[in-house]
Amino acid sequence: MATQLEPEARDSADVFREEVRQFIADKFPEELKGKSVSLSATEGPIKETDAQKAWREAMGERGWGTPTWPKEYGGGGLNRKQAAILNEELARAGAYNPIGGMGVMMFGPTLLEYGSEEQKQEHIPPICRGEIRWCQGYSEPNAGSDLANLQTMAEDKGDHYLVNGQKTWTSGGQWADKCFAIVRTDRSDKHKGISFLLIDMDSPGVEVRPITMISGTSPFCETFFTDVKVPKENLVGEEGQGWTIGKRLLQHERTNLSGAAPGGRAGASLADIAKKYGRTNQDGTLADPVLRDRIADFEIRWTSFLHTARRAVEESKAQGGVSEISSALKKLGTKLGQERAEMTIEIMGLQGLGWEGDNFSPVELQGVRAWLYGKATTIYGGSTEIQNNVIAKRVLGMLDHQ
Amino acid sequence: MAVLNEEQEMLRDMAREWATNESPVTEFRKVRASGEPEAFDRDAYSAMAEMGWAGIIIPEEHGGSDFGFMSVGLVVEELGKTLTASPLIATTLAASAIMLGGSDEQKAKWLPKLASGEAIATLAIDEGPHHDPQAIEASVSGGKLTGTKAFVAEAHGADLFVVAAKDGLYLVEKGDGVTLTTRRLTDQRSHADIAFDGAAADKLANGGDDLLDKVLDRARVLTAAEMLGMAQIVFDTTLAYLKQRVQFNQVLSSFQALQHRMADLFADLAQMRSAVEAGLQAVDSGAGVSRAAIVAKAEANRVLHTMSNEGIQLHGGIGMTDEYDIGLYLKRARVLEAAWGTRSYLKNRFATLGGY
Ligand SMILES: Cc1cc2nc3c(=O)[nH]c(=O)nc-3n(C[C@H](O)[C@H](O)[C@H](O)COP(=O)(O)OP(=O)(O)OC[C@H]3O[C@@H](n4cnc5c(N)ncnc54)[C@H](O)[C@@H]3O)c2cc1C
């Protein structure tokens, strides 16, 4: 529900907007305009240019890469309204948030909730400055959807844990500095035997093997732990609390993965693409009425998805708890994203199926790789089927037939 | 499965055995790794031709076996299962164009070579990234063809092109006035844009005004046969995986949600098979070919599209890896879906043929 801003609030919003504009004018390098390069562990090694580095540092210093995180740990300390203004102004200036990745999307919010004071002091500021990359050590060969079946063992050795086992599908494992992992500290209880542990990726005994994906890149790895010593300080929460913490983190992951986040869908619209690759009538409408119908159909559903995502946020805030409809966002958003990618290649015809070569534009080639990579979005972060199980059982109260 | 005669059963069994043993997906991976634009194994194609597969639709008098489209469809389906890269479909379609529209002389010159595997041929019809046979601009004057063709499959290996020009189909040999530019698509097979610049062209003059349509009917049906093999194997592989993968202390195949998904795919696949086989039979009988060809390709597009997506989804993370074969089928599927008409294109044509 839209509420009218109080006069003084509007004033302070205006003042803040002014401050943001000034900051962008001072610090955002012109040459980066329209180019979004955020520190995301899954996209590859970082080769920052000087300008990119300067912009990351400027944003990091303000804490504006993590605008709503507390100031005391290096966040921006902004309220939601201010964060929204920041986003608007960045977008308006063709600027971007250079600070991202799993540390921002998943790990940071979880640590702020469950970490000790020392852990927050140690780990949150480098995330806010975009200096440390995190990867997620959850899945194992036999623990995918059934995550709690994980077998990687952390044995109590007095002042440290000794970790042995294998993780897999570790996105960005080959480039990450640190890993937040869920490991087994007790074999006697499936869920209560799990603990949340932070592991340095350069510890002796950590080995990563990149896996090539259908899109031709290797954004994820198998990660092996052999007698890896992890100091006890790196346990988040209590021993045995790992399942609770780990699941909380997945909630953050799912919200981010739905594609509803600001900037979640950059680039040309389907209509733009259709105009560029197909024929238009005199009045600018698409000449193919069927395609026009399908694009409109898609955009209507995408719009209602964005409304749904916004309503979920508003309801959660009003209720002081997670709204029921949040559970549907990930499956809705990822499915729409895949549909959009499929339509894009269909609109472009074979020009939209290029694998390599300079007779395809970079945008065309990226589109193909993104289409292929996008098939993962309904698998990771809790697959669509698992989301459906959660909706049916926890939200709708439909019990197993057994 | 259509009721086959004894010869057809033998042919299918032979093709299945050969594809499984001599041309498993690892062979396609070798072709892909070689990076050669021609993108097929010449020795493998020679072996196929020796078994008579390149001449299945070609009359006996020209060195073929005259078994018809149903028969070549069986072989193509088996090759589709293992993603065998070869110019068999392309050559068969070019041969059918010559059979339908060629003079006795043209037939005598080309069909024996195509049947024996000595020559390779392909169709060069579309001029842009979308199938659009109404939009042909290539033209011939004084026996010289000028124009461009886009994304021609198996162009690198071909010695002969069956080229659509404004006033009909022409035979053009690779050579002077024919320039290829490689296009690398997701399926990593041979595709090229071709510039014809005054290339010597020999008209297929006996086919009548609808020669191109007839050839396209055959192209749709035979492409759909390859897609059938692909869909079948994605289905089989996925089903086997679900029966073996354990999560939550039980095999995935015991979850009702997944049982229903597979049941839906099973029904889809049944529809696809009937549509494709009816298309092949229609070509052989000559009755209602255009309509049957549209149904075959449109259903193949619909089902393989769904199947290739579901195959990956139901495999979970492992389906996203290059090491696992399932993604290769997805990357081939979209190229074939676009070839000779997307579902949208075919629906429109179906309605046109139906007079509504
Ligand atoms: C690109 C990519 C990046 C990833 N990054 C990471 C990462 O950084 N860190 C990490 O820890 N993991 C990561 N993962 C792993 C991901 O979380 C798992 O792939 C996911 O949990 C599914 O597990 P699985 O692959 O073992 O599939 P499985 O669990 O074997 O599932 C196979 C299929 O069965 C379905 N299924 C399973 N159980 C049920 C059920 N009870 N009812 C109905 N259907 C069911 C699934 O939905 C799926 O369709 C990544 C995966 C991908 C593809």
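The values are calculated or read from the model by the stated rules, or taken from the named source; none is laboratory data. Since we're looking at a predicted model, the values are computed, not measured. FYI the Cβ positions are ideal-geometry reconstructions off the backbone, even for glycines, and counts take in every protein chain you see. Please note that ligands, DNA and RNA were not included when accessible areas were found on the heavy atoms of the full protein model with its side chains. Shrake-Rupley method; radii C 1.70, N 1.55, O 1.52, S 1.80 Å.
Among A:Pro126, B:Thr84, A:Ser361, whose Cα projects farthest towards the positive end of the dipole of the protein assembly as shown, with charges put on the beta-carbon of Lys, Arg (+1) and Asp, Glu (-1)?
Looking along the dipole axis, the top candidate is A:Pro126.
Starting from the Cα gyration tensor of region A:258-395, take the square roots of the eigenvalues, sort them a ≥ b ≥ c, and report rounded, prolate or oblate (rounded when a/c is under 1.5, otherwise prolate if a/b is larger than b/c, else oblate).
prolate
What does the charge dipole of chain A about its Cα centre add up to, to the nearest 20 debye, if the Cβ of each Lys and Arg holds +1 and the Cβ of each Asp and Glu holds -1? Kindly include the intermediate steps, with their values, before the conclusion.
Numbers: 48 positive and 56 negative charges, 176 e Å.
Dipole magnitude for chain A comes out near 840 debye.
Using a probe radius of 1.4 Å on protein heavy atoms only, what is the accessible area buried between chains B and A, both sides summed, to the nearest 100 Å²?
3300 Å²
Between region B:146-198 and region A:300-358, how far is it from one alpha carbon centroid to the other, in angstrom?
40 Å
Could you give the spread of the C-alpha atoms of region A:134-246 along their three principal axes, from largest to smallest, in whole angstroms?
42, 29, 20
Putting +1 on Lys and Arg Cβ atoms and -1 on Asp and Glu Cβ atoms, find which of B:Ala19, A:Asn234, B:Ala231 reaches farthest to the positive end of the dipole of the protein assembly as shown.
A:Asn234
Across peptide A:375-385, how many C-beta atoms of other chains are within 10 Å of each residue C-beta, on average? Intermediate results must be reported in sequence, preceding the final value.
Values: counts 8, 6, 0, 3, 9, 3, 0, 0, 4, 1, 8.
Mean shielding by partner chains, rounded to a whole number: 4.
Report Rg(Cα)/(2.2 N^0.38 Å) for region B:125-254, keeping two decimals.
On the way: Rg = 20.7 Å, N = 130, 2.2 N^0.38 = 14.0 Å.
Dividing the Cα radius of gyration by 2.2 N^0.38 Å gives 1.48.
Taking the Cα atoms only, what angle lies between the long axis of helix B:256-285 and the longest principal axis of chain B, rounded to 10 degrees?
20 degrees
Heads up, I need the accessible area for B:His130: 1.4 angstrom probe, whole protein in place, Å², nearest 10.
Its accessible surface works out to 70 Å², give or take rounding.
Percent of Cα-Cα pairs per 10 Å bin, from 0 to the last occupied bin, for chain A, please list those.
Values per bin, smallest distances first: 4, 19, 29, 28, 15, 4, 1, 0.
Rounded to the nearest 10 Å², what accessible area does B:His260 have for a 1.4 Å probe in the complete protein model?
Surface accessible to solvent at B:His260 totals approximately 110 Å².
Pick from A:Lys71, A:Lys330, A:Lys157: which residue has the top mean-square fluctuation in a GNM of chain A where Cα pairs under 10 Å get a spring?
Result for chain A, Cα springs under 10 Å: A:Lys157 fluctuates most.
Let me check I've understood the local charge: for A:Tyr96, count other residues with C-beta under 10 angstrom from its C-beta, Lys and Arg +1, Asp and Glu -1. What total comes out? Write down the numbers at each step before the final one.
Numbers: positive: A:Lys33, A:Lys35; negative: none.
Around A:Tyr96, the charge tally is +2.
Compute the Rg to Rh ratio over region B:6-116 from the alpha carbon atoms, using the Kirkwood formula for Rh, and round to two decimal places.
Numbers: Rg = 14.1 Å, Rh = 14.3 Å.
Using Cα coordinates only, the ratio equals 0.99.
Count, for each residue of B:311-317, the Cβ atoms from other chains sitting within 10 Å of its Cβ, then give me the mean as a whole number. All intermediate terms of the calculation are to be shown ahead of the outcome.
Values: counts 0, 6, 8, 3, 1, 9, 13.
Taking all residues of B:311-317 together, the mean is 6.
Normalising by the residue count of region B:121-203, find the relative contact order in percent from Cα pairs under 8 Å and 6+ residues apart.
Values: 201 pairs, mean separation 27.9, N = 83.
Value for region B:121-203: 34 percent.
In region B:121-203, carbon and sulfur make up what percent of the accessible area (probe 1.4 Å)? Show your work: numbers first, answer last.
On the way: 1300 of 2870 Å².
The C+S portion of the solvent-accessible surface of region B:121-203 is 45 percent.
So how strong a dipole does the protein assembly as shown carry about its Cα centre when Lys and Arg Cβ are +1 and Asp and Glu Cβ are -1, to the nearest 20 debye?
Working: 82 positive and 105 negative charges, 371 e Å.
So the magnitude is around 1780 debye.
Would you mind calculating the relative contact order of chain B from Cα pairs under 8 angstrom and at least 6 residues apart, reporting the percent as a whole number?
Numbers: 653 pairs, mean separation 56.5, N = 356.
RCO, chain B: 16 percent.
How large a share of the accessible area of chain A, in percent, is made up of carbon and sulfur atoms when the probe is 1.4 Å and the other protein chains stay in place?
Values: 10210 of 20030 Å².
Here it works out to 51 percent.
Counting only the heavy atoms of the protein chains, how much of A:Trp243 is accessible to a 1.4 Å probe, in Å² to the nearest 10?
Answer for A:Trp243: close to 50 Å² accessible.
Ignore the peptide's own chain and count Cβ atoms of other chains within 10 Å of each Cβ in A:207-214; give me the average, rounded. Could you put the intermediate results ahead of the total?
Numbers: counts 0, 0, 0, 0, 6, 4, 6, 13.
Mean shielding by partner chains, rounded to a whole number: 4.
Which order do the peptides B:210-219, A:305-314, B:5-14 take when ranked by the mean count of other beta-carbon atoms within 10 Å per residue, highest first? Spell out each step's value before the answer.
On the way: B:210-219: 21.7, A:305-314: 15.9, B:5-14: 14.0.
Result, highest mean first: B:210-219, A:305-314, B:5-14.
Roughly to the nearest percent, how much of the accessible area of region B:6-116 is carbon and sulfur, given a 1.4 Å probe? Mind dumping the intermediate values first?
Numbers: 2120 of 4480 Å².
After summing per-atom areas, the C and S share lands at 47 percent.
Where in chain A are the DSSP H helices whose alpha-carbon span along the long axis reaches 20 Å or more and whose Kyte-Doolittle mean is at least -1.0? Walk me through the numbers on the way to the answer.
Numbers: long enough: A:7-27 (30 Å, -0.97); A:242-257 (22 Å, -0.86); A:289-319 (44 Å, -0.59); A:326-348 (34 Å, -0.27).
Within chain A the helices that satisfy the rule are A:7-27, A:242-257, A:289-319, A:326-348.
What dipole magnitude, in Debye to the nearest 20, does chain B give about its Cα centre under +1 on Lys/Arg Cβ and -1 on Asp/Glu Cβ? Please report the intermediate quantities before stating the final value.
Numbers: 34 positive and 49 negative charges, 245 e Å.
Using only the charged Cβ atoms, the result is roughly 1180 debye.
What do you get for the angle between helix B:211-244 and the principal long axis of chain B? Use alpha-carbon atoms, 0 to 90 degrees, nearest ten.
20 degrees
Quote the relative contact order of chain A in percent (integer), defining contacts as alpha-carbon pairs under 8 Å separated by 6+ residues. Intermediate results must be reported in sequence, preceding the final value.
Details: 635 pairs, mean separation 45.9, N = 402.
Reported as a whole number, the value is 11 percent.
From the Cα gyration tensor of the protein assembly as shown, with a ≥ b ≥ c the square roots of its eigenvalues, which class applies: rounded if a/c is under 1.5, or else prolate if a/b is larger than b/c, or else oblate? Write down the numbers at each step before the final one.
Numbers: a/c = 2.27, a/b = 1.76, b/c = 1.29.
Here the protein assembly as shown falls in the prolate category.
What's the Kirkwood radius of region B:211-353 in Å, using all Cα pairs?
Values: mean 1/r = 0.0633 Å⁻¹.
Evaluated on region B:211-353, it is 15.8 Å.
Holding the Cα-Cα limit at 21 Å, pick out from B:Lys113/B:Lys174; A:Lys167/A:Lys247; B:Lys203/B:Lys347; A:Lys178/A:Lys247; B:Lys149/B:Lys203; A:Lys120/A:Lys247 the pairs that are longer than that. Kindly include the intermediate steps, with their values, before the conclusion.
Numbers: B:Lys113/B:Lys174 15 Å; A:Lys167/A:Lys247 17 Å; B:Lys203/B:Lys347 31 Å; A:Lys178/A:Lys247 19 Å; B:Lys149/B:Lys203 17 Å; A:Lys120/A:Lys247 19 Å.
Going by Cα-Cα distance, B:Lys203/B:Lys347 fall outside the 21 Å limit.
Considering only protein heavy atoms, what per residue accessible area in square angstrom results for the protein assembly as shown with a 1.4 angstrom probe? Let's see the in-between values first.
Numbers: 33650 Å² over 758 residues.
Normalised by residue count, the accessible surface of the protein assembly as shown is 44 Å².
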